[in-house]
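Taking it in order: structure first as structure tokens, then the write-up.
The values are calculated or read from the model by the stated rules, or taken from the named source; none is laboratory data. Keep in mind that what you see is a predicted model, and the values were worked out from it rather than measured. All Cβ positions, even for glycine, are placed from backbone atoms using ideal geometry, and neighbour counts span all protein chains on display. Heads up: the accessible areas ignore ligands, DNA and RNA and are worked out on the full protein's heavy atoms, side chains in. Shrake-Rupley method; radii C 1.70, N 1.55, O 1.52, S 1.80 Å.
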Amino acid sequence: MNLILSADKNWAIGKDNQLLVRIPSDMKFFRETTTGKVVVMGRKTLESFPNGLPLKNRTNIVLTGNPHYKVKDAVVVHTKEQLLDELKQYDSKDIYVIGGESIYRMLLDQCDTAYVTKIDYTYEADTYVPNLDRLAEWEMTDESEEQTYFDLEYRFVTYRRRG
């Protein structure tokens with residue numbers, strides 16, 4: 001299973017249920033990487049999308065504690081156990097965890113690859129993911145050249161679980 005996210009210098013990923021910044025090449029990378037695949041998210045992440053609708057051309061799986069929550073064109077599950085059971089029918093390499101914070105933290109130990117757009121800036125934020133650089137079980141295996149978007153510098157970084 002994979003994680004895919006963009007994070008600032010402090011591994012912040014959002015504020016007020018929104019991304020910290022929208023970088024066109026990052027959005028393109030996300031779209032190209034996840035199209036035709038399975039995306040796993042929490043309810044608040046889904047509701048942050050345009051019109052609160054599932055992402056097109058992907059299998060959307062939404063985890064929420066609300067037993068009455070329904071969403072057209074998405075699979076809704078209510079517990080981690082239900083989620084893991086649902087995911088058994090897909091190839092693990094085709095599953096991308098896309099947020100938010102609690103979902104990343106819940107599924108981090110199930111993932112073996114993380115695609116992180118690392119933004120060289122510190123934002124005001126309220127949502128964070130674990131710093132993979134500080135976790136012994138993760139190692140950086142690939143890093144792009146530095147990219148820029150206006151005055152913002154960022155890199156596409158791949159992490160893999162050791163062993």
**OP:** List every residue whose amide H lies under 5 Å from the amide H of Leu3, counting only residues 5 or more places away in sequence or on a different chain, with H placed 1.01 Å from N in the peptide plane.
**Re:** Val97, Thr113, Ala114, Tyr115
Original post:
P(r) of the chain in 5 Å steps, Cα pairs, percent per bin?
Top reply: 2, 9, 18, 23, 21, 16, 8, 3, 1, 0
**OP:** Heavy atoms only, probe 1.4 Å: what % of the accessible area of the range 1-143 goes to carbon and sulfur, would you let me know?
**Re:** 48
Subject >> Euclidean distance of C-alpha centroids, the range 20-39 and the range 105-163, integer Å >> reply: 14
**OP:** For the range 9-81, state the average projected area of the convex hull of the C-alpha atoms over all orientations, rounded to one decimal in nm².
**Re:** 6.0
**OP:** Enumerate the lysines that Lys72 could reach by cross-link, defined here as Cα to Cα under 30 Å, with residues fewer than 8 away along the same chain left out.
**Re:** Lys15, Lys28, Lys37, Lys44, Lys56, Lys80, Lys88, Lys93
Original post:
What does the accessible area per residue of the range 1-111 come to in Å², with a 1.4 Å probe and no ligands, DNA or RNA counted?
Top reply: 52
Subject >> Hydrodynamic radius by Kirkwood, which averages 1/r over all alpha carbon pairs of the range 48-129, in angstrom >> reply: 14.5
**OP:** Counting helices only, and only those DSSP H runs with n ≥ 4, report the 222 nm mean residue ellipticity of the chain as the sum of -39,500 (n - 2.57) divided by its residues, in deg cm²/dmol to the nearest 500.
**Re:** -5000 deg cm²/dmol
Subject >> Mean separation of Cα contacts under 8 Å, 6 or more apart, over the residue count of the chain: relative contact order % >> reply: 32
**OP:** Using amide H atoms built 1.01 Å from N in the peptide plane, name the residues 5+ places from Gly42, or on other chains, whose amide H lies under 5 Å from its own.
**Re:** Leu63, Gly99, Gly100
Original post:
Can you run phi through the Karplus equation (6.51, -1.76, 1.60; θ = phi - 60°) for the range 153-163 and list ³J(HN,Hα) in whole Hz, with x for Gly and Pro?
Top reply: 9, 7, 9, 8, 10, 10, 10, 10, 6, 6, x
Original post:
For the chain, what proportion of DSSP beta bridges, expressed in % and rounded to the nearest 5, is antiparallel?
Top reply: 50
Subject >> Summed side-chain charge close to Arg161 - residues other than Arg161 whose Cβ falls under 10 Å, Lys, Arg +1, Asp, Glu -1 >> reply: -2
Original post:
Can you work out ³J(HN,Hα) from phi for every residue in the range 65-81, in order, using Karplus 6.51 cos²θ - 1.76 cosθ + 1.60 and θ = phi - 60°, giving whole Hz and x for Gly and Pro?
Top reply: x, 6, x, 9, 6, 10, 8, 5, 6, 9, 8, 10, 10, 10, 9, 4, 4
Original post:
Asp16 versus Asn57, label points 7 Å from Cα toward the beta carbon: distance in nm?
Top reply: 3.2
Original post:
Which ³J(HN,Hα) values in Hz, rounded to whole numbers, follow from the phi angles of the range 20-34 under the Karplus curve 6.51 cos²θ - 1.76 cosθ + 1.60, where θ = phi - 60° and Gly and Pro get x?
Top reply: 5, 7, 10, 9, x, 5, 5, 4, 5, 4, 4, 4, 5, 6, 9
